[in-house]
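Let me begin by presenting the structure, written as structure tokens, before commenting on it.
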Amino acid sequence: MKSINLILGCHSHQPVGNFDFVFQDAYEKSYVPFIDVLERFPAVRVTLHYTGPLWDWFVEHHPEYVKRLRRLVEAGQVEIMGGGYYEPMLCAIPERDATGQIKRMQAFCKEHFGTEPKGMWLAERVWEPHMAKILAQAGVTYTALDDSHFLCSGLGPEDLFGCYMTEEEGEAIRVFPILEKLRYLVPFHRVEETISYLRELATEDGQRCAVLHDDGEKFGVWPGTYHSVYEEGWLEAFFTALTDNRDWLRSVTYSEYLEQHRPIGRTYLT
């Protein structure tokens, strides 16, 4: 039977100084209902990233949310992804500051989830080649970038289903392509369209991995999405489909995939 791996990730962010009611609105429309649905589908694996301002707000206003996330982490259903604490453009700040931002996030995750994150989210998915060295020296083992970076480096559309090794001065990390088509399908098209697309990508050896990683706020905060994703049940239908098709569609986190699969090869991204 043909099969494929699927990594589903969410990046959630509110900027420093944003109004408290904006945080609360996003919490009620996106962050909490997403977890409410996820908890009912233990076969679904998700990688979640929250920026420092959100973590600070959760700890102060809704510490119970952090505790719910920790239970999901301990159950192996959620992997927490790190990043720069205040969502900086790492390529635009001094290296020592970039490292400090990464380390601060790692320390927060260690305190609240018992382990440091292996991966990190890059703000706006901006990449510069020297960042491989910064990330590796800060203890980061993987990140994810738009598939356009990989296409511009000379890879073809058929090469976007797994991870690659990239390095700078001998310091290496793994990088995953985020599939643009999945970002546009989810959650704006019928669930069946996404499942059909993934079935087309499946192979006999089952080595491929399709990565969908996008804003967490698109699940509830973006215009019209609270109604479609939760009131009309899109997310529940999606998680149901992932569960019903798990014989060929394997829901995994980044770290789970890396434990079982080698990089496709080496690439130098632009």
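The values are calculated or read from the model by the stated rules, or taken from the named source; none is laboratory data. Predicted model only: the values in this text are computed from it and were never measured. Cβ sites come from the backbone with ideal geometry, for glycine too, and all protein chains shown count toward neighbours. Just so you know, the surface numbers come from the protein's heavy atoms only, side chains and all, with ligands and any DNA or RNA stripped out. Shrake-Rupley method; radii C 1.70, N 1.55, O 1.52, S 1.80 Å.
So the values come out like this:
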{"item": "1.4 Å probe accessible area per residue over the chain, in Å²", "result": "44 Å²"}
{"item": "Nonlocal Lys pairs with alpha-carbon distance under 20 Å, the chain (8 or more apart, or different chains)", "result": "8"}
{"item": "The chain: C-alpha gyration tensor shape, a/c 1.5 cut-off, then a/b vs b/c", "result": "oblate"}
{"item": "Rough spin-label spacing in nm, given labels placed 7 Å along Cα→Cβ, for Val66 and Trp222", "result": "2.9 nm"}
{"item": "Axial C-alpha extent at least 20 Å, average Kyte-Doolittle at least 1.0 - helices from the chain (DSSP)", "result": "none"}
{"item": "Theoretical gain in end-to-end length, Met165 to Gln260 [0.36 nm per residue, Cα-Cα removed]", "result": "32.7 nm"}
{"item": "Given the chain, longest segment not containing exposed loop trypsin sites (Lys or Arg not before Pro) (DSSP; at most 15 other Cβ within 10 Å)", "result": "41-189"}
{"item": "GNM result for the chain, Cα springs below 10 Å: residue of Tyr31, Tyr254, Tyr184 fluctuating most strongly", "result": "Tyr184"}
{"item": "Förster radius 25 Å - calculated FRET efficiency between Arg104 and Ala75 (Cβ-Cβ, nearest 0.05)", "result": "0.40"}
{"item": "Contour excess over end-to-end distance, with Cα ends at Ala237 and Glu39 and 0.36 nm allotted per residue", "result": "69.9 nm"}
{"item": "Max mean-square fluctuation residue, GNM over the chain, Cα-Cα springs under 10 Å, options Gln14, Gln101, Gln137", "result": "Gln137"}
{"item": "Label-reachable residues, segment 1-33, where backbone N falls under 15 Å from a point 7 Å from Arg199's Cα toward its Cβ", "result": "1-4"}
